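The structure appears below as structure tokens.
The values are calculated or read from the model by the stated rules, or taken from the named source; none is laboratory data. Nothing here was measured: the structure is a model prediction, and the numbers come from that model. We place every Cβ from the backbone using ideal geometry, glycine too, and count neighbours over all the protein chains shown. To get the accessible areas, we keep the full protein, side chains included, count just its heavy atoms, and leave off ligands, DNA and RNA. Shrake-Rupley method; radii C 1.70, N 1.55, O 1.52, S 1.80 Å.
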Amino acid sequence: MRYLIVLISCFTLFISNSEAIAQTPQMVYKTDGYWQQQADYTMEIDMDVTSFQFNGTQNIVYTNNSPNVLDNVFYHLYFNAFQPGSEMDIRTQTISDPDRRLAQNVGTKENPIYESRIAKLQADEIGYINVKSLSQNGKPLNYDVVGTVLEVKLNQPIQPGEQVNFDMTFEGQVPIQIRRSGRNNKEGVALSMSQWYPKLAEYDDEGWHAYPYIAREFYSVWGNYDVKITIDKTYVLGGTGYLQNPNEIGHGYETSEVKPSKKDKLTWHFIAPNVHDFAWAADPEYQHDTLLMNNGPTLHFLYKKTLDETYLDSWKKIQSKTVELFNYFNENVGVYPYKQYSIIQGGDGGMEYGMCTLMTGKRNFNSLLGTTAHEIAHSWFQFVLASNESKHEWMDEGFTNYIEDEALNIIKADYKENAQDKAYQRYIDYANSGLEQPLTTQADRYATNLAYSRSAYSKGAVFLKQLGYIIGEDNLGKTIKKYYNDFAFKHPKPLDVIRTAEKVSGLELDWYLIDFTQTTNTIDYAVKNISKKTVTLERIGFMPMPIDVTVTYKDGTTEDFYIPLRQMRGEKPTSATLLEDWAWVAPTYSFETSKKIASVQIDPSGLMADVNSEDNLLSIKN
Ligand SMILES: [Zn+2]
């Protein structure tokens, strides 16, 4: 009976998957017991490109889709992090392995002494957002600025289903580029404008998430953006949103002849529907190339004309590769839902934003390709599948790492058997180091930057690849597509991923989510003993797994076996000889073969992240 149910559910899934491939997912704020808040922004700012100061107005139409009454709201004022004494500064000064973009080593390589760059900022170099006024439905509000968070007590609580207007005036200063955003980055890009505006914190079924800006990362409210940026007319912009007045602006955006403006400044008008962030960058020396994809977005490439010839060459060569990357992600995750994507030289490495990325541009081709693949992949994992990056960093960085490496394995024609081999090695080294913290650790709360990156990037990628080992590669592919189809434009959580895999595979998988993400239990199996035709395996690590085993017989033939894990209540599709299931409580497990054994190998695929694989192979002498 169970098998019949599995068959039927696979069939329905197949239909819904084909629909998902053909259609763009739609935005829904409230459905079937799920709700998310909505914040529609209208903003205008005027930028002074000599003082790097700007004035702004902001209207947010905020819709409380929650069933709860809200007595307060919170805004992020991210630029305030770039001030001496900020939480970001103190963390940089006290963590043992500070981010080298935030701290410079004034000691030696052997005896490093790190100095926080934020601590050295002068008044005209810091970042800030000063809120000058704030009102709710026209009535002034009181507020407190607490570091990077604006705490607002409402005069009038917001009722479930109610829509209110928040109007703000503010002034800001763009900091010297330290981390992600800022002015005059090390490659001379004038303005990298991310996390630049007062931004409402997200409220969800777990309450408010007014995280201070310490390092990482973001979680924001879905909505529509209407943004006008007034800036010196020589500056070329790129970023989130569709330009509404291309023929007033020109700079490569025009669709017909541009009337030259007599004013010193131009006002760029952007509309961005269904996003949870708005970023942009500007420089007077940007080269602006565009490429219209077949069945895909218009791609924009903005990079400094003054780059060396070899870098310029990389920026040309990356353009057709970007098309290949979009095609890969469209096919293997789901259709990119926006009409535009921009790859922009800026920032301090690579960072993902709505419809765009800012990345440093002085890179050889391979480095530019790797970063481009990673940042574009974030359009799926984190932008459209907008998980809480502070709380579930592995769903963002890990899944991105996974799909990036799978795509590059094909696009670079590496065709490695395991595209995630580096992620496995990094995770296994980390698990064996004694420094591991569980994936449930809040992103800023890892003891070291190393622990964060190994957890979020490496173990997160292994989570998905290894899920393929558990449920089968085909089922993993279907799981990823269904996950995108069901959770695009929402805030998916870890349980959503594993429930999707359960629905696709018909297997029980909560144990995998719990052990691999909520604990630091490790996987370590061994071939304990071979006696003529009997194999005995041992579970040494505390985390259980279903086991693939290949037996080589004395006559030179081989046979694959599969030992289901009892708590999965089933097995992945396999052509291997199916054995009795193994309950995790039993430390050892024995089975009989039909012929005399020469050697036994646990998991020849290497897709199970066994932290000590040396004991996975045992051969009989003579
Ligand atoms: Zn990333």
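Worth pointing out:
- Residue match in the stretch 420-427 (condition: away from the ligand (no atom under 16 Å from the Cβ) and either more than 16 Å from Gly606 (Cα to Cα) or surrounded by fewer than 21 Cβ atoms within 10 Å (Cβ to Cβ) (or both)): yes
- Restricting the stretch 411-440 to residues that are part of a loop (DSSP other than H, G, I, E, B) and basic (Lys, Arg), the residue that is nearest to Pro494 (Cα to Cα): Lys416
- Cβ-Cβ under 6 Å pairs, at least 6 apart or on other chains, the stretch 485-504 side more than 19 Å from Lys391 (Cβ to Cβ), far side buried (at least 19 other Cβ atoms within 10 Å of the Cβ) and of a type in the set (Ser, Thr, Tyr): Ala501/Thr479; Val504/Thr479
- Evaluated against (1) part of a strand (DSSP E or B); (2) open to solvent by less than 20 Å² (accessible area, probe 1.4 Å), Thr552 falls short on exactly one condition, (2).
- Residue within the stretch 443-451 that is among the β-branched types (Val, Ile, Thr), away from the ligand (no atom under 16 Å from the Cβ), touching a residue at least 12 places away in the same chain (Cβ under 8 Å) and buried (at least 17 other Cβ atoms within 10 Å of the Cβ) present: no
- Qualifying residue in the stretch 137-159 (condition: part of a strand (DSSP E or B), within 31 Å of the chain's Cα centre (by Cα) and farther than 25 Å from Thr63 by Cβ): yes
- Failed item, numbered, when Lys459 is tested on (1) closer than 27 Å to Gly334 by Cα; (2) among the charged types (D, E, K, R); (3) in contact with a Pro (Cβ under 8 Å, 6 or more places away or on another chain): (3)
- Each residue in the stretch 114-159 was checked for being open to solvent by 70 Å² or more (accessible area, probe 1.4 Å) and under 21 Å from Gln37 (Cα atoms), and 6 of them qualify.
- For the stretch 217-251, the candidate set comprises residues that are open to solvent by 30 Å² or more (accessible area, probe 1.4 Å) and farther than 22 Å from Asp40 by Cα; within that set, the residue that is nearest to the chain's Cα centre (by Cα) is His251.
- Residue pairs meeting the criteria (Cβ under 8 Å; at least 6 apart or on separate chains; first in a strand (DSSP E or B), in the stretch 185-207; second basic (Lys, Arg)): Leu191/Arg183; Ser192/Arg180; Ser192/Arg183
- Taken over the stretch 428-439, the criterion of being more than 16 Å from the ligand (Cβ to nearest atom) and closer than 28 Å to Ala201 by Cβ is satisfied by Gln437, Pro438.
- Count of the stretch 267-304 residues which are over 21 Å from Tyr41 (Cβ atoms) and either part of a strand (DSSP E or B) or in contact with a strand residue (DSSP E or B) (Cβ under 8 Å, 6 or more places away or on another chain) (or both): 19
- Candidate set: the stretch 394-419, residues that are polar (S, T, N, Q) and under 14 Å from the mean Cα position of the chain (by Cα); chosen: the one nearest to the ligand (Cβ to nearest atom): Thr400
- The condition (being away from the ligand (no atom under 16 Å from the Cβ), surrounded by 15 or more Cβ atoms within 10 Å (Cβ to Cβ), over 29 Å from Glu87 (Cα atoms) and of a type outside the set (A, V, I, L, M)) is satisfied by just one residue among Phe487, Phe463: Phe487.
- Cβ separations smaller than 8 Å between residues 6+ apart or across chains give the following pairs from the stretch 54-68 residues that are more than 25 Å from Gly182 (Cβ to Cβ) to residues that are modelled with pLDDT under 95: Thr63/Tyr29; Asn65/Tyr29; Asn65/Lys30.
- Glu592 open to solvent by 70 Å² or more (accessible area, probe 1.4 Å), farther than 16 Å from Tyr469 by Cα and of a type outside the set (Ser, Thr, Tyr): yes
- Remark: pairs (first residue in the stretch 394-411, closer than 13 Å to Leu369 by Cα; second residue away from the ligand (no atom under 11 Å from the Cβ) and not in a helix (DSSP H, G or I); Cβ separation under 8 Å; 6+ apart in sequence or on different chains) = Asp405/Ala419; Asp405/Gln420; Leu408/Asp414; Leu408/Ala419; Asn409/Tyr415; Asn409/Lys416; Asn409/Ala419.
- Of the set (1) surrounded by fewer than 16 Cβ atoms within 10 Å (Cβ to Cβ); (2) at pLDDT 95 or above, all apply to Lys532 but (2).
- Any hit, the stretch 167-176, residues being open to solvent by less than 30 Å² (accessible area, probe 1.4 Å), over 25 Å from Met359 (Cα atoms) and touching a residue at least 40 places away in the same chain (Cβ under 8 Å): yes
- Per-region count, the stretch 558-607, residues aliphatic (A, V, I, L, M) and assigned to a loop (DSSP other than H, G, I, E, B): 6
- Close contacts from the stretch 597-622, counting a first residue that is surrounded by fewer than 21 Cβ atoms within 10 Å (Cβ to Cβ) and a second that is modelled with pLDDT under 95, with Cβ to Cβ under 6 Å and a gap of 6+ residues or different chains, come to Ala598/Ile620.
- Among the residues of the stretch 37-90, those identified as of a type in the set (D, E, K, R) and over 28 Å from the mean Cα position of the chain (by Cα) are Glu44, Asp46, Asp48, Asp71.
- In the stretch 343-393, residue nearest to Leu243 (Cα to Cα) [restricted to those that are more than 11 Å from the ligand (Cβ to nearest atom), open to solvent by less than 10 Å² (accessible area, probe 1.4 Å) and assigned to a helix (DSSP H, G or I)]: Thr372
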